[in-house]
Structure formats: structure tokens, C-alpha cells
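Take a look at the structure set out below.
The values are calculated or read from the model by the stated rules, or taken from the named source; none is laboratory data. Just so we're clear, the structure is a prediction, and the values are computed from it rather than from any experiment. Here the Cβ positions follow ideal geometry from the backbone for every residue, glycine too, while neighbour counts run over all protein chains shown. Heavy atoms of the whole protein, side chains included, go into the accessibility calculation; ligands, DNA and RNA do not. Shrake-Rupley method; radii C 1.70, N 1.55, O 1.52, S 1.80 Å.
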Amino acid sequence: MTMPLSIRVRSILVAAGAFVVLMGPGCGSKPPKPSATIVSLAISPGSVQAGGNATGTVALSNSDGGTVSLSTATSGVTVPGSVTVNAGSQTATFTVTVGSGVASGNVTVSGTINGSSASGTFSVSGGGGGGVPTLVSVSLSSGSVQGGNGVTGTVTLSGNAPNGGLAVTLSSNNAAAGVPGSLTVSAGQSSATFTINTTVVGSATGVTISASFSGVTQTATLNVTPATAAAPVASFTVRANVGGTANECKFLGPPATLDCTFDASASTNAASYFWRYSVGGNRIDPAAQSSPVFRNPSTTIAGNNCGLFNGQTGGVPTSLNMIVTLTVRSAAGVDSAPSQNNNVKVLPSGTNCGF
């Protein structure tokens, strides 16, 4: 026996040769999935020193993703306007920046999406409830220093550093002056010093010394100069070779030389030696010497020396006066003041001169 087929029809509309059947409940598409809502907003770490950063994390109710709007009412604390949770994920992170002037206390960051909201709270520590100080300056004990010497630098804050101290970053823009990478201002102190070491330079070199803290950079300029060589000083002695008598020379037979030694070893910072001497009115300017010792200097009389003695007016002298002058030159090309000896005696050699 065949049972009749039964269909429940709520209503039939007939118009222009067509009809529409409206089906009852249980037929047609599924209802829409609820939009993602924000489940939580957390800040890590829970305590941040003024001038530092923290990380915020938002969590949604499902993995459809979406954009969460962010905000905070605390002045000096900044968050991005929004953070996007990508589809397939339920969380996203963002950076919370705490300014150096933010006072100690609690900070609340809020997030909203699709009519839902959540908030996270963290604390700011700044020492005494007034926030950490700012970097005011970096100064130098001297604005100019000869290369190879040191200079003292000082960083100064607007107030005392909080517990734990504050680390200030240091840098130099030229290897002629080196600084440590960082400097800690101790808790309760408003300044700290550091050493700048310099190297020898060939010419004056300007160096910028920088100190940075919490987004603020202060600078100072150091002029590193070349080392200044000490001025040369001329000093000498004249001695006879035989017997070592001071301030005495003798004529030698041919060739035309004087039997004595000019010794400038006592001169300082000398690289070359320029001698000048006069015997009986005859001036000699030999070529520059590289050695301080000039032995048996030449004369203008070749051969027998009697003619020079006999040519003197007022009778035949038993000795001639010799004036010796020395100027030395440094390796840098700087000349000394002349040094002069007016009391050197020149004696004849031999007894066949007729006197």
C-alpha cells in the first residue's frame, strides 16, 4: 500500500502565471558568524622606567582578524592609533613609548573593536614621583688638546638620577678622540665624568663628542692639535785635540786646517748644525753638518800658517783670536738663536815663522 506524499505549504502566491512557495523554518542559509571581539589587552613589563618602552598585546575572540583602535589618556605616553590582527591569528603586539618626563604612577592603555573594549595597566617609575631627568649638556674640561693627551668630559642631567642610575650613550665622530660607549650617572647624582683619549695628529682636527639619552642628544666640539716640538737650542765647546785645552786651536801644516774640535753635542732638538768662524778677519761658513761634532775645521790659508800671523798689524801676535758661532735647526725646520764664543785662541804650529 502506497502512502500519499505530504508537503506543508505556508502560502502560495500566484501572479502572472508564476507561483512562489515559502518554505518553513529549517530551510535556507546559516545565520552569520559573530564578529571578533577583544578579549584582553596586556602590557609587559608591568613596570617601566620613564624614558623606556613597553610591549602591548591584544587578543581577539576568534581568528577572523581585524583592526583594534588604541588609546591612552596619559600625557607623554604614546601608542599607535591602531594595531591589526591578521586573519588566522588571534593576537598582535604594539609598542608603548614612555617619555622621559612622565611622572611615576599607573598608565592605562585601551583597545576597541566591533563595539567591544579592553584595557591594560602598567606602572611608570621615575624616582620621587617626578619622572626621570632629561639630558641637559655634555661639556669638556678643555676645548683644545694636543694629540696624545686626555680630556675630561662631563654629562649633566636636569635632576638627580633615580634608583639604579641612568645610562647615557657616548660617541665620537673621529678616531682622533675616543670615548667609552656609555656612561652611568649614579642614583642621586645629576652628573658624571668620562675620559676622552686622543691620538697624535698631523694637523688640527675637529671632533664632535655626543651624549644621548631618551631621544635627546647633546654635543661638544674638541679641537685636537698636532704636537708642538720644543724649540732647538744651540750650545757648543771648542777644544784642542791634543791635551783637550778649552777654547784653543792650532794651525796644522798643509792642508789648511785647524787642529781642534767644535762639539755641539750639548745642543737640544737639533737635526743640523750651521757653523761660522773667523780667523784673522777670514770668515768661514762651511756646509751644514749632520753630526754635532766638527773636527779639524778648515781655514783659508793653505800651507804654512806664518803668513797669516805676520800679516797682523801692530806686530807679530803669539796667537790669533777666533770667533765661533753656531746655529742649529730642528727636524721641523725651525732655527735656534745663534750661540757665539768670542774667546777662542788660534796658535801657530811650528817655530819656523820668525817669531
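For the stretch 17-62, the candidate set comprises residues that are at pLDDT below 90 and in a strand (DSSP E or B); within that set, the residue that is surrounded by the fewest Cβ atoms within 10 Å (Cβ to Cβ) is A18.
Annotation note: of T184, T261, T228, the sole residue that is assigned to a strand (DSSP E or B) and open to solvent by 50 Å² or more (accessible area, probe 1.4 Å) is T184.
Within the stretch 129-139, can one find any residue that is over 30 Å from V179 (Cα atoms), modelled with pLDDT under 95 and open to solvent by less than 60 Å² (accessible area, probe 1.4 Å)?
Keep residues of the stretch 129-139 that are over 30 Å from V179 (Cα atoms), which gives 129-130.
Going one step further and asking which of them are modelled with pLDDT under 95, we end up with 129-130.
Those still in the list that are open to solvent by less than 60 Å² (accessible area, probe 1.4 Å) too: 129-130.
Yes: one or more hits.
For the stretch 204-216, check the following and say yes or no: at least one residue is at pLDDT below 95, in contact with a Ser or Thr (Cβ under 8 Å, 6 or more places away or on another chain) and aromatic (F, W, Y). Taking every residue of the stretch 204-216 in turn, at least one turns out to be at pLDDT below 95, in contact with a Ser or Thr (Cβ under 8 Å, 6 or more places away or on another chain) and aromatic (F, W, Y). Take the conditions at pLDDT 85 or above and open to solvent by less than 50 Å² (accessible area, probe 1.4 Å) and apply them to A270. Does it pass? Yes, satisfied.
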